[in-house]
Amino acid sequence: MLLLAPGPVNLHPEVQRILSLPMIHHRTPEFDAIFARARQGLKRVFGTQEDVFLLATTGSGGMEALLVNTLSPGDKILVVVSGKFGERWAEMGRVFGLRVVELNVPWGEAVQPGQVAALLRQEPDIRAVFCQACETSTGVLHPVRELARLTRDNPDTLLLIDGITAVGALPMPMDEWGIDGLVAGSQKAFMLPTGLSFVSLSKKAWAFAEKSTLPKYYLDLKRERKANQKGESAYSTPVPLVRALDWVLSQTLQEGLANLYRDIERRALLTREFARLAGLTLYAKSPSPSLTAFLTPAGVDSQKIREELELQHGVTIMGGQDQARGKILRIGHMGYIRDEDMLKLFDLLGHAFLKAAPADWSEDKITKINRALRLWVEAHP
Ligand SMILES: Cc1ncc(COP(=O)(O)O)c(C=O)c1O
């Protein structure tokens with residue numbers, strides 16, 4: 001199988017090897033060293049002096065950790081809803097008894113900081129603004145840095161960011177920008193299987209945490225912080241994932257984070273070049289480098305295309321959800337991906353489009369696109 005979805009992603013062969021090593025206990029000096037190194041590495045990826053916690057939960061658990069550790073019942077929050085994952089935070093807020101103000105943004109568009117600023121002026125009792133850095137259901141990149149400018153000097157309002165398809169894929173320096181809570185997920189730019197989420201709080205967010213009364217137990221970051229201060233995790237730790245994380249972080253930081261960002265962006269540019277050559281329209285008006293979403297040719301059901309690629313060729317990409325279902329394809333740029341994997345995908349897509357829309361496609365068109373993409377790859381080493 002070739003995973004070219006926006007998470008989970010293809011694994012590096014060395015990660016696969018590390019994951020199959022004999023198990024060790026998580027309360028051993030050997031694991032303590034790995035755990036400490038991984039937490040230090042994460043601080044560099046997050047661009048923070050604060051602690052970054054490794055939670056044995058998927059990304060959604062990390063989202064919940066940010067929410068339940070900072071807020072109290074009845075608090076008013078502003079949630080940017082521009083796709084499935086924005087909806088998730090709004091739902092979560094309601095489940096926990098928060099007063100949720102939704103800022104609905106049309107799918108495919110980024111939030112305008114001016115709208116957030118206006119709402120914050122109108123409703124000064126908003127305690128936290130929630131937004132995705134990249135909304136994976138649309139491929140949009142939101143202007144996190146500009147949002148942080150609206151909240152960083154206000155001690156009463158936090159900015160909590162879902163960086164699950166952004167952290168590690170593009171710069172998201174938490175301290176420098178003034179992000180108060182940031183969550184990332186192992187199955188994205190960290191190139192691991194699903195199962196870990198990483199979360200961090202700013203000093204301002206820790207002040208909120210001191211007063212927060214929402215119920216929490218497993219995701220209680222104070223408890224986790226106390227354990228980390230002794231070099232331990234609060235609960236059992238998925239040792240294989242943390243060992244593999246340690247390897248990925250060591251490699252990435254040795255080669256430089258900028259190289260990882262560059263590789264991911266290069267794949268995004270290659271995919272946009274494919275879309276241009278194929279005459280396809282990008283779905284996101286401000287596309288993220290971590291994934292590319294484009295509309296399928298008129299009359300072509302994107303769901304059928306993705307099923308064909310998966311069932312007949314063992315290549316996984318994603319279609320659209322809800323209002324974008326059947327209309328878009330989403331291709332991930334994170335993980336262990338080689339140029340030939342990308343070129344294979346574009347050839348398969350060309351042939352799938354030819355089958356679905358023979359009036360607009362031909363073998364000749366596919367050959368020309370393939371040749372142009374190969375030249376693009378050679379020209380952009
Ligand atoms: C932006 C974003 N937020 C949240 C999630 C949820 O993460 P998980 O499925 O790991 O719980 C995802 C998963 O794709 C995501 O892309």
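FYI, it's all coordinate maths here, none of it is from the lab. Predicted model only: the values in this text are computed from it and were never measured. Don't worry about glycine lacking a Cβ; one is built from the backbone with ideal geometry, like all the others, and counts go over all protein chains shown.
For the cross-link pairs 304/327; 43/203; 327/365; 43/226; 285/355; 76/204, the ones whose C-alpha atoms lie over 20 Å apart are 327/365; 285/355. Each residue, residue 218 and residue 203, gets one label point 7 Å from its Cα in the Cβ direction; the gap between the two is 3.4 nm.
Consider a paramagnetic label point 7 Å from the Cα of residue 58 along Cα→Cβ; state which residues of segment 4-44 have an amide N under 19 Å from it. Label zone hits: 4-11.
Measuring r between the beta carbons of residue 17 and residue 338 and using R0 = 22 Å, the FRET efficiency lands at 0.80. Taking other C-beta atoms within 10 angstrom as a stand-in for reagent exposure, 218, 283 fall in the order 218, 283, fewest first. A straight chain from residue 357 to residue 102 at 0.36 nm per residue would run longer than the Cα-Cα distance by 87.9 nm.
Roughly what % antiparallel, to the nearest 5, for the DSSP beta bridges in segment 154-310? Expressed as a percentage, antiparallel bridges in segment 154-310 total about 60. With the convex hull of the Cα atoms taken as the outline of the chain, the averaged projected area works out to 18.5 nm². Springs join every pair of Cα atoms under 10 Å in this Gaussian network model of the chain, and among 322, 301, 51 the largest mean-square fluctuation is at 322.
Each part gets one Cα centre, and for segment 220-288 versus segment 81-158 those centres are 22 Å apart.
When each of 202, 302 is scored by the number of other beta-carbon atoms lying within 10 Å, the sequence from fewest to most is 202, 302. Judged by the mean number of other Cβ atoms found within 10 Å, the most tightly packed of the peptides 184-190, 265-271 leads the ranking 184-190, 265-271. The ranking of 318, 191 by Cβ neighbour count inside 10 Å, starting from the fewest, reads 318, 191. With K and R counted +1 and D and E -1, the other residues having a Cβ less than 14 Å from that of residue 95 yield a net charge of 0. Highest average first, the peptides 76-82, 251-257, 141-147, 342-348 ordered by how many other beta carbon atoms sit within 10 Å of their residues are 76-82, 141-147, 342-348, 251-257. Summed over all non-identical Cα pairs, the Kirkwood treatment of segment 232-309 gives a radius of 15.8 Å. Rounded to 0.05, the FRET efficiency of the residue 235 and residue 301 pair, given R0 = 30 Å and the Cβ-Cβ distance, is 0.10.
Protection proxy ranking for 223-231, 192-200, using the average of other Cβ atoms within 10 Å per residue and placing the highest first: 192-200, 223-231.
Between residue 120 and residue 347, the distance separating the two model label sites (each 7 Å from Cα on the Cα→Cβ line) works out to 5.1 nm. Counting only alpha carbon atoms, the long axis of helix 257-278 and the longest principal axis of the chain meet at about 40°. Placing R0 at 30 angstrom, the Cβ-Cβ distance between residue 72 and residue 226 gives a FRET efficiency of 0.90 after rounding to 0.05. The mean of 1/r over all pairs of different alpha-carbon atoms in segment 257-379, once inverted, gives a Kirkwood hydrodynamic radius of 14.6 Å.
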